[in-house]
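Engineer: Have a look at the structure that comes next, please.
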Amino acid sequence: MEHPNSPTDGATLTSITPMAIPGHIDPMPVPRPGIVDGVTPREDGKVDVLGLPKARIAALLADAGLDAKAAKLRAKQVYHWLYHRGVTEFEAMTDIAKTMRPWLAERFVIGRPEIVEAQHSSDGTRKWLLRTTDGHDFEMVFIPDADRGTLCVSSQVGCTLNCRFCHTGTMRLVRNLTVGEIVGQVMLARDALGEWPKGAGDIRPATIVFENDDDDDDEGSYTSDGRLLTNIVMMGMGEPLYNFENVRDALKLVMDGDGLALSKRRITLSTSGVIPQMERCGQEIGVNLAVSLHAVTKDVRDEIVPVNKKYGIEDLLQACADYPGASNARRITFEYVMLKDKNDSDDDARELVRLLKKYKLPAKVNLIPFNPWPGAPYECSTPDRIRAFSNLVFDGGISAPVRTPRGRDIDAACGQLKTSAEKKSRAEIDRLLAEKEAALG
Ligand code: SAH
Ligand code: SF4
């Protein structure tokens, strides 16, 4: 029996309708694939269950002919194999009856984003160029450290927000990634790192001793199995709070104890400051928050983070103070990209301290050396200036480490997440920025 959500007509794959992304800063028409109830149609008519919650898988199985009880049981089994064991073939699901497995395989698939290119940096950083089934490219980065391994996950293809120092913001094409495409990045990373348990009781022995280096690490049980992928940051392409529902549902799958089981304390969502969605982020997802502040005056922030024209600094800091779950034990990270002669003066550093104190924020500041790209309108501050800035913030009682750039030889650092296929000339970038700024009013 054909499920109603599995169109046999391949034409839906290419149908394109404009999509409104929340917020006014959406000057570009946005193509949207014919996604029905979160399921991206496939040419073979099968339904990809990656990204679907357990209850939805059960409903699909019931639609395909199973009685409610059997559907619920099978959904539970499929879910376990899918997210806990990383299996992509129904044939491998050994606790499901042998005759049932081909029945499932005829109707469903367990997908992964397509890998277009995989790069390995000399410092161990890895970058993957991935492609959606409707042909959009996006990227994912894995950054191994001595005590953790962080996967940097994308939430959108491109970004509507056009921060002037960010390469992703110059991409013309934008579309939200689906739940499956977001959680699929974590699944792919686990595949690539070989980190799925092989069988019952095959939990790896602890091979790495993790130190509690900061407050994010107070739930260390996940790492005791010696896995490399320990942390997730929503800091790849896109603004995660402009794709709130899909990011939320994907992170719920990542955090589910029956599946990938990553602690919410090891997940950080970074936003440029989409205030209306911040409270929901704390309430409905409950992960750590990072805020891309980057400037302390209206003029400068308006220029480099244009969404500031809509959601200003003081309102943003108030929203941070109200963020559910923020405390001295779970501080909010403020990201601050160091731009030469733009936002890096002693006065800027003192004003940063004053603002964070005014709102009594449990804060830490991450100073990010600007990562230049061809035609970028800024330069990185000098190492001395960054150090002086860091010291001033530190003297104000707030920790302000300088982030070491990683994976530069493969363009894997922040803001470099842009495919070469999308690269544009300087003139084209200027025109795009002007066009998008005009749309801001
Ligand atoms: N859209 C979200 C998350 C993705 S950007 C946000 O803006 O927070 C992730 C981080 O990379 C942000 O702090 C962003 O400001 C920073 N970034 C972007 N381009 C950069 C560049 N060229 N050099 C250094 N950091 C950059
Ligand atoms: Fe978008 Fe973040 Fe880049 Fe700004 S810094 S353009 S919000 S991805």
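Engineer: When only residues in region 153-166 that are out of contact with any Pro (no Cβ under 9 Å at 6 or more places or on another chain) and within 8 Å of ligand 1 (Cβ to nearest atom) count, which is nearest to Ala295 (Cα to Cα)?
Structural biologist: For region 153-166, the residue satisfying everything is Cys166.
Engineer: Continuing with the same structure: Within region 62-87, work out how many residues are of a type in the set (A, V, I, L, M, F, W, C), assigned to a helix (DSSP H, G or I) and under 30 Å from the mean Cα position of the chain (by Cα).
Structural biologist: Adding up the residues that qualify gives 4.
Engineer: Somewhere in region 282-302, is a residue within 16 Å of ligand 2 (Cβ to nearest atom), of a type in the set (Ser, Thr, Tyr) and either assigned to a loop (DSSP other than H, G, I, E, B) or within 15 Å of the chain's Cα centre (by Cα) (or both)?
Structural biologist: Looking for residues that are within 16 Å of ligand 2 (Cβ to nearest atom), of a type in the set (Ser, Thr, Tyr) and either assigned to a loop (DSSP other than H, G, I, E, B) or within 15 Å of the chain's Cα centre (by Cα) (or both), one finds at least one in region 282-302, hence yes.
Engineer: To continue, here is another question. Do you know which residues across region 320-351 are within 16 Å of ligand 2 (Cβ to nearest atom) and among the aliphatic types (A, V, I, L, M)?
Structural biologist: Val337, Met338, Leu339
Engineer: I've got another one for you. Mind telling me which of the residues Asn371, Asn366 ends up being within 16 Å of ligand 2 (Cβ to nearest atom) and modelled with pLDDT of 95 or more?
Structural biologist: On inspection, the qualifying residue turns out to be Asn366.
Engineer: Tell me which residues, restricted to region 301-354, are polar (S, T, N, Q) and modelled with pLDDT of 95 or more.
Structural biologist: Matches in region 301-354: Asn308, Gln318, Thr333, Asn343, Ser345.
Engineer: Can you tell me which residue among Ile96, Ile115, Ile182 is open to solvent by less than 10 Å² (accessible area, probe 1.4 Å), away from ligand 1 (no atom under 16 Å from the Cβ) and either touching a strand residue (DSSP E or B) at 6+ places or on another chain (Cβ under 8 Å) or not in a strand (DSSP E or B) (or both)?
Structural biologist: Ile96 is the lone residue from the list that is open to solvent by less than 10 Å² (accessible area, probe 1.4 Å), away from ligand 1 (no atom under 16 Å from the Cβ) and either touching a strand residue (DSSP E or B) at 6+ places or on another chain (Cβ under 8 Å) or not in a strand (DSSP E or B) (or both).
Engineer: Here is a further query. Checking Trp128 against (1) farther than 24 Å from Lys46 by Cα; (2) more than 19 Å from the chain's Cα centre (by Cα); (3) more than 15 Å from ligand 1 (Cβ to nearest atom): exactly one of these is not met. Which one?
Structural biologist: Answer for Trp128: the failing condition is (2).
Engineer: Here's another thing I want to ask about it. Of all residues being open to solvent by less than 90 Å² (accessible area, probe 1.4 Å) and among the charged types (D, E, K, R) in region 70-93, which is nearest to Asp191 (Cα to Cα)? Just the residue, please.
Structural biologist: Arg85
Engineer: Looking only at region 100-112, which residues are open to solvent by 20 Å² or more (accessible area, probe 1.4 Å) and part of a strand (DSSP E or B)?
Structural biologist: Of everything in region 100-112, just one residue is open to solvent by 20 Å² or more (accessible area, probe 1.4 Å) and part of a strand (DSSP E or B), namely Val109.
Engineer: Shifting gears a bit: How many residues are within 24 Å of Arg148 (Cβ to Cβ), more than 12 Å from ligand 1 (Cβ to nearest atom) and either open to solvent by 50 Å² or more (accessible area, probe 1.4 Å) or of a type in the set (Gly, Ala, Ser) (or both) when one looks only at region 266-304?
Structural biologist: Going through region 266-304 one residue at a time, the tally reaches 2.
Engineer: Look at region 143-171 and say how many of its residues are within 13 Å of ligand 2 (Cβ to nearest atom) and assigned to a loop (DSSP other than H, G, I, E, B).
Structural biologist: Residues in region 143-171 being within 13 Å of ligand 2 (Cβ to nearest atom) and assigned to a loop (DSSP other than H, G, I, E, B): 14 in total.
Engineer: Still on this structure, I have one more. Restricting attention to region 305-344, report how many residues are within 24 Å of the chain's Cα centre (by Cα), closer than 18 Å to Phe370 by Cα and surrounded by fewer than 22 Cβ atoms within 10 Å (Cβ to Cβ).
Structural biologist: Adding up the residues that qualify gives 3.
The values are calculated or read from the model by the stated rules, or taken from the named source; none is laboratory data. It should be emphasised that the depicted structure is a prediction, and the values quoted were computed from it without experimental measurement. Note: ideal-geometry Cβ built from the backbone for every residue, glycine included; neighbour counts use all protein chains shown. Ligands, DNA and RNA are excluded from the accessible area calculation, which covers all protein heavy atoms including side chains. Shrake-Rupley method; radii C 1.70, N 1.55, O 1.52, S 1.80 Å.
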